[in-house]
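Enquirer: Got a structure here, written out as structure tokens. Questions coming.
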Amino acid sequence: MCGFTGYYGKGDFNRQEVIDKMGEMIIHRGPDSAGSYVDEDVALGFRRLSIIDLEGGTQPIHSADGKHVIVFNGEIYNYREIRQELIEKHGCVFQTNSDTEVILQTYKVFGEKTASMLRGMFGFVIYDKEKHTMYGARDYFGIKPFYYAKMNGSLLFGSEIKSFLAHPHFHKEVNKEALKMYLIFQYTPTLETMFKGVFKLEPGTYFTYDGENFKTTKYFDPTYDKKDRSFDETVKLIGKTIQESVDYHQISDVEVGSFLSGGVDSSYIASTVKPMKTYSVGFEVSGFDETVYSKELCEILHMSNAKKEISSDEFFDILPEVQYHSDEPHANLSAVPLYFLSQLAAQDVKVVLSGEGADELFGGYDAYKESKSGDFYRKVVPVGLRKKLGGWAKKHPDKRGLNFLKRNMLDLEDAYIGQAFIMDNEEANEVLADAYKSDLRYQDITKPYFDRMKNADDLHKKLFLDMHLWLPNDILLKADKMTMAHSLELRVPYLDKKVWALARTLDTDFCIDGQETKKAFRASALSHIPMDWAKRKKMGFPVPLRVWLREDKYYNRVKEMFQKDFVTEFFNRDVLLKWLEDHKNNLGNYQRKIYTVYSFLLWYEQYFVVR
């Protein structure tokens with residue numbers, strides 16, 4: 001696990017000095033060593049966190065004939081099988097035992113087919129020194145990040161946007177078109193980021209570049225293909241496939257630990273691995289601490305567990321750093337406990353396993369349970385009445401039954417955007433300053449995905465949307481950025497190409513059955529963990545922000561931010577202060593709206609005011 005950065009283009013500056021500075025901006029991704037390659041067209045920078053082939057895996061790695069060079073972030077779990085095939089069938093000779101060189105040799109034999117042959121998580125760039133062309137790719141699900149920007153005659157690329165700040169051709173500007181959608185989704189759902197002109201390479205995509213033309217090609221696109229199997233057969237297949245993936249994800253030359261919450265996802269992985277060390281965090285507020293469940297499971301399975309309780313002061317004090325490491329403003333509250341969890345684990349290990357992806361593959365979110373009831377409600381109740389009931393519900397604080405009316409006042413394609421829905425189109429425009437208001441609607445973002453799934457059931461429409469938007473732009477973004485902030489490699493065994501190959505074939509009833517989510521997955525987990533863990537309701541990382549914002553100390557802290565001069569460039573301050581007052585006085589629950597705006601302002605301050 002490492003980080004890379006680079007640029008393609010000329011300029012009146014010291015090329016080596018620039019790439020060195022770009023690499024220093026992401027030293028947290030790889031504190032063990034640095035490397036670079038520079039010629040008249042291209043500069044590649046690399047920061048290494050040594051995991052595999054500790055002695056020989058230093059990057060950039062050059063081909064034996066000297067014609068190609070690679071920088072790579074990630075892990076390839078089937079690199080040994082590919083290496084053996086390259087030796088036996090194609091006569092390849094290797095200089096190292098690293099998975100990085102396997103990618104390079106694969107490209108020399110198979111060309112642009114390379115990305116589709118890899119099993120793992122990756123972002124990489126291969127440069128052809130003779131042809132002056134590049135080939136690069138991002139992994140299937142977007143586990144590892146890849147950003148690029150074409151500015152002032154240069155193509156900038158890398159694992160984190162912040163590395164671009166050190167390049168003289170980079171122009172730093174807030175993307176006005178992105179802010180409204182961020183307020184709605186709590187992350188940037190478009191390929192263009194909150195930095196204008198900076199783009200994410202889409203998951204499952206490779207690119208080619210010849211100095212002028214940047215061409216992208218999809219090599220993987222998740223779709224569904226139900227297979228006829230019995231429930232028992234499905235449960236056994238899930239267990240076998242997950243076991244194989246977990247085995248692959250333990251390939252390492254250093255110790256591997258595991259994150260552990262009180263839920264089924266991480267508990268299933270930890271019970272399969274039984275690592276020497278597991279890690280958990282919670283909050284010093286009653287009802288917001290899962291660590292008791294982690295401790296109990298570790299006692300049952302004879303594993304050690306380190307835990308930390310996060311105080312309210314620690315939470316608020318670290319928020320600017322969390323936004324800096326996120327690269328883009330990010331308002332998922334769970335990023336903060338994940339930051340502290342990573343900090344805790346990094347004291348002992350370099351690699352941890354985690355349970356991201358199980359919900360999106362096997363149907364684990366509560367919103368999925370409403371697929372049948374919501375579909376029935378929308379068919380039976382006329383749209384006019386649904387809108388009236390939903391409009392009435394929106395005037396009241398969030399409650400379970402009222403939230404159902406809100407979510408189902410419109411047809412699914414108009415109502416569902418994923419696991420976070422912070423504001424609707426009108427609310428976002430109301431709080432935005434005039435220059436940032438927009439006619440763009442969240443339906444414009446989601447429509448292409450729903451159009452592709454128009455003949456699917458409601459559950460698979462939701463799963464498909466979440467696989468393309470929520471998973472890469474929220475869940476995996478924070479997972480990568482919060483762990484790498486502490487030089488910690490995170491591996492996600494559920495997000496494996498073979499696990500996906502099975503998950504995409506599951507019957508809807510094997511995912512959701514009444515009020516039970518991940519039905520077949522939970523049944524499989526029962527062979528490893530007790531019933532209480534296999535069947536426990538999903539909690540995620542619950543954060544007591546609602547409580548804290550009603551305390552003077554933190555209310556005043558947020559209010560002070562809302563009153564800073566630069567805030568009115570982006571927002572209607574009166575609306576912000578009313579949300580804050582109404583929340584403090586218990587007139588409504590505005591914590592998510594407040595936190596989403598507050599996170600953006602902290603991000604802006606970090607990138608445009610402080611640094």
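The values are calculated or read from the model by the stated rules, or taken from the named source; none is laboratory data. Because the structure is predicted, anything quoted here is derived from the model rather than measured. Neighbour counts run over all protein chains shown; Cβ positions are idealised from the backbone, glycine included. With ligands, DNA and RNA removed, areas are computed over all heavy atoms of the protein, side chains included. Shrake-Rupley method; radii C 1.70, N 1.55, O 1.52, S 1.80 Å.
Enquirer: From (1) over 30 Å from Glu551 (Cβ atoms); (2) modelled with pLDDT of 95 or more, pick out the condition that doesn't hold for Glu255.
Expert: (2)
Enquirer: What's the number of the only condition in (1) under 18 Å from the mean Cα position of the chain (by Cα); (2) at pLDDT 95 or above; (3) surrounded by 15 or more Cβ atoms within 10 Å (Cβ to Cβ) that His169 fails to meet?
Expert: Exception for His169: condition (1).
Enquirer: Would you list the helices (runs of 4 or more DSSP H) that sit entirely within the range 365-461 and hold 1 or more residues that are at pLDDT below 85, among the small types (Gly, Ala, Ser) and open to solvent by 20 Å² or more (accessible area, probe 1.4 Å)?
Expert: 366-380, 383-394, 400-407
Enquirer: When you look at Val351, is it out of contact with any helix residue (DSSP H, G or I) (no Cβ under 8 Å at 6 or more places or on another chain), open to solvent by 10 Å² or more (accessible area, probe 1.4 Å) and either in contact (Cβ under 8 Å) with a residue 12 or more places away in the chain or not polar (S, T, N, Q) (or both), yes or no? If you could, list the steps in order and put the result at the bottom.
Expert: Working: out of contact with any helix residue (DSSP H, G or I) (no Cβ under 8 Å at 6 or more places or on another chain): yes; open to solvent by 10 Å² or more (accessible area, probe 1.4 Å): no; either in contact (Cβ under 8 Å) with a residue 12 or more places away in the chain or not polar (S, T, N, Q) (or both): yes.
Here the answer is no, as Val351 does not meet what is asked.
Enquirer: If you scan the range 34-59, which residues turn out to be assigned to a strand (DSSP E or B), of a type in the set (D, E, K, R) and modelled with pLDDT of 85 or more? Reasoning before the result, please.
Expert: So the first thing to find is which residues in the range 34-59 are assigned to a strand (DSSP E or B), and the list is 34-38, 42-48.
Subset that is of a type in the set (D, E, K, R): 47-48.
Hit for the range 34-59 is Arg47, nothing else.
Enquirer: In a helix (DSSP H, G or I), under 17 Å from Pro320 (Cβ atoms), touching a residue at least 24 places away in the same chain (Cβ under 8 Å) and open to solvent by 10 Å² or more (accessible area, probe 1.4 Å) - does that describe any residue in the range 564-573?
Expert: Within the range 564-573, one or more residues are in a helix (DSSP H, G or I), under 17 Å from Pro320 (Cβ atoms), touching a residue at least 24 places away in the same chain (Cβ under 8 Å) and open to solvent by 10 Å² or more (accessible area, probe 1.4 Å).
Enquirer: Looking at the structure I just gave you, is Thr205 closer than 30 Å to Met151 by Cβ and buried (at least 18 other Cβ atoms within 10 Å of the Cβ)?
Expert: yes
Enquirer: Also, I was wondering about something else. Which residues, taken from the range 1-36, are open to solvent by 10 Å² or more (accessible area, probe 1.4 Å), among the β-branched types (Val, Ile, Thr) and more than 23 Å from Thr133 (Cα to Cα)?
Expert: Matches in the range 1-36: Ile27 only.
Enquirer: Report yes if some residue within the range 425-443 is touching an Asp or Glu at 6+ places or on another chain (Cβ under 8 Å) and closer than 26 Å to Leu506 by Cα; otherwise report no.
Expert: No.
Enquirer: With respect to Lys218, is the statement that it is free of Cβ contacts under 8 Å to residues at least 24 places away in the same chain and open to solvent by 10 Å² or more (accessible area, probe 1.4 Å) true? It would help to see each step written out before you state the result.
Expert: Working: free of Cβ contacts under 8 Å to residues at least 24 places away in the same chain: yes; open to solvent by 10 Å² or more (accessible area, probe 1.4 Å): yes.
In short, yes.
Enquirer: Could you run through the range 584-605 and say how many residues are open to solvent by 30 Å² or more (accessible area, probe 1.4 Å) and in a loop (DSSP other than H, G, I, E, B)?
Expert: 5
Enquirer: When you scan the range 132-186, how many residues do you find that are farther than 21 Å from Lys215 by Cα, not in a loop (DSSP other than H, G, I, E, B) and not aromatic (Phe, Trp, Tyr)?
Expert: So the count comes out to 13.
Enquirer: Something else now. Out of the residues in the range 536-563 that are open to solvent by 80 Å² or more (accessible area, probe 1.4 Å) and either within 23 Å of Ala420 (Cα to Cα) or in a loop (DSSP other than H, G, I, E, B) (or both), which is modelled with the highest pLDDT?
Expert: Gln563
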